[in-house]
Each structure stands twice: as C-alpha cells, then as structure tokens.
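For reference, the structure is listed below as structure tokens.
The values are calculated or read from the model by the stated rules, or taken from the named source; none is laboratory data. Here the structure is a predicted model, which is why all the values come from computation and not from measurement. Neighbour counts run over all protein chains shown; Cβ positions are idealised from the backbone, glycine included.
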Amino acid sequence: MNKTFNIYCDESCHIENDHKPYMFLGSMTSAYNQIKFHNENIKEIKTKHNFRGEIKWTSVSKSKLHFYLDLVEYFFNTDLKFRCVGVKKDQINNEAFNQSYDDFYYKMYYHLLNHNINSLYSYNVYLDIKDSLSAFKVRKLKNILNTKYGVFNNVQNIRSHESLILQLTDFIMGAISYHHNNEEKLNPSKVKVIEKIQNRSNDNLMATNYSDKLNLFFIELK
C-alpha cells in the first residue's frame, strides 16, 4: 500500500537583509492517516490550558508557558518529525555561483524536503503563506522537487490558522531560530521552552545532528 505523508513548512529570518545572522527553513512531517489524531490531541491540550489563540513562537510568554511546554512534550511523545536546515547568511555568496538570493532560497528548500524521501511513498507539501509571491514560489518549488523523484503529489499554500500542525511547526522553528539569532535572550519563558527542547532531544541545537526525530542540518558554504 502506498503511504502518504504531509509535510508542513515554515521559514524564519529568511529575508536577505533582516540583520539576523542565520536563515532557517523547517518542516514537520506526519503520516496522512495520523493528521486527525494529532489535531484532536493538540485541541485537547489547548482546552486543558484554556488557550484560544493561534500556536506560534511569538506568543510564548509567562502566562502561556505551561501550554507550550506541554506542546514540546507532545511532539516528542508522538511520531511527528521535525527537520530544519540553517545557514549563516554571511557565508552566502550568490555572485560566486551566478545565482540570485531567490535561487539560493529554493536550493535551501530542496535540501530541506529531499531528505530521506522514499520513492515508494507520496508526499503533500504545505507552505505557510508569507507574501504576494507565495503562489509563484509554490509552482517553482513543485517543479524543482518533482524533477528528481516525482513523488510530491501536492505542493500548496495554506494559512497558518488552517492547520494546527503548521502552527506547531512555526513554534518549533521559532525556538531554533531564537536560539541562534538572539544573543540577548530577554524572554525567560522562551529560554525555558528551548531548554525543554534541548533536554528532550538530548542535543544543544547548535550544530548538525543525525536525529530522526528533530533533525538539524547546517549548510557550510565554502
């Protein structure tokens, strides 16, 4: 039987001149037949904590800390898998490779999504809508991805409020990015979330690892 997986993608500090040292792209993968299960469980966690808003890293605060710590615990107790690719922006040299920043952006996405792809399975990719160019990005990315494998059935934009798993992706992605891009970590609640992720992953989140659960890959540009 042909298995299908959904992959939910998010970005952090991906704008070329945003004065952040690291650019990140992240994805959360779930078996298609587990989507309803995860949605129901995340809704239960929200109800437990009387949390009514959208799950996102920017809303982590003292009053919502225990909710977000429970989300971290939930992620590590399930079959959900997170992958992140990062690059230090001052290493990017587009002129040397005769490419634009957008070209590099798509190469990053290729590295993100073509990791451990099984040609016997099929995949649906969902990207958080960021700007007016989102539809163009989806078309180009679908062509790039299917050039090699032809297993990406669907690549489309969705809005974050439409998917709890996409919101969870934003949350985990935000934690990784904050850990690298904010030297002065002034939000103690966010620091506690990062410490929880570090403890559960048994990783310091600062370097490439080979985890199947929370996989970090830092691209070294020469």
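Say whether the condition of being among the hydroxyl-bearing types (Ser, Thr, Tyr) and either crowded, with 16+ Cβ neighbours inside 10 Å or at pLDDT below 85 (or both) is met by at least one residue in segment 90-100.
yes
Kindly indicate the residue of segment 183-213 that is within 13 Å of residue 86 (Cβ to Cβ) and touching a residue at least 24 places away in the same chain (Cβ under 8 Å) and also surrounded by the fewest Cβ atoms within 10 Å (Cβ to Cβ) among those meeting that condition.
Result: 206.
Select from segment 36-58 the residues that are surrounded by 16 or more Cβ atoms within 10 Å (Cβ to Cβ) and either touching a strand residue (DSSP E or B) at 6+ places or on another chain (Cβ under 7 Å) or among the hydroxyl-bearing types (Ser, Thr, Tyr) (or both) and list them in ascending order.
38
Of everything in segment 86-106, what is under 21 Å from residue 156 (Cβ atoms) and within 16 Å of the chain's Cα centre (by Cα)? Give them in sequence order.
Within segment 86-106, 105, 106 qualify.
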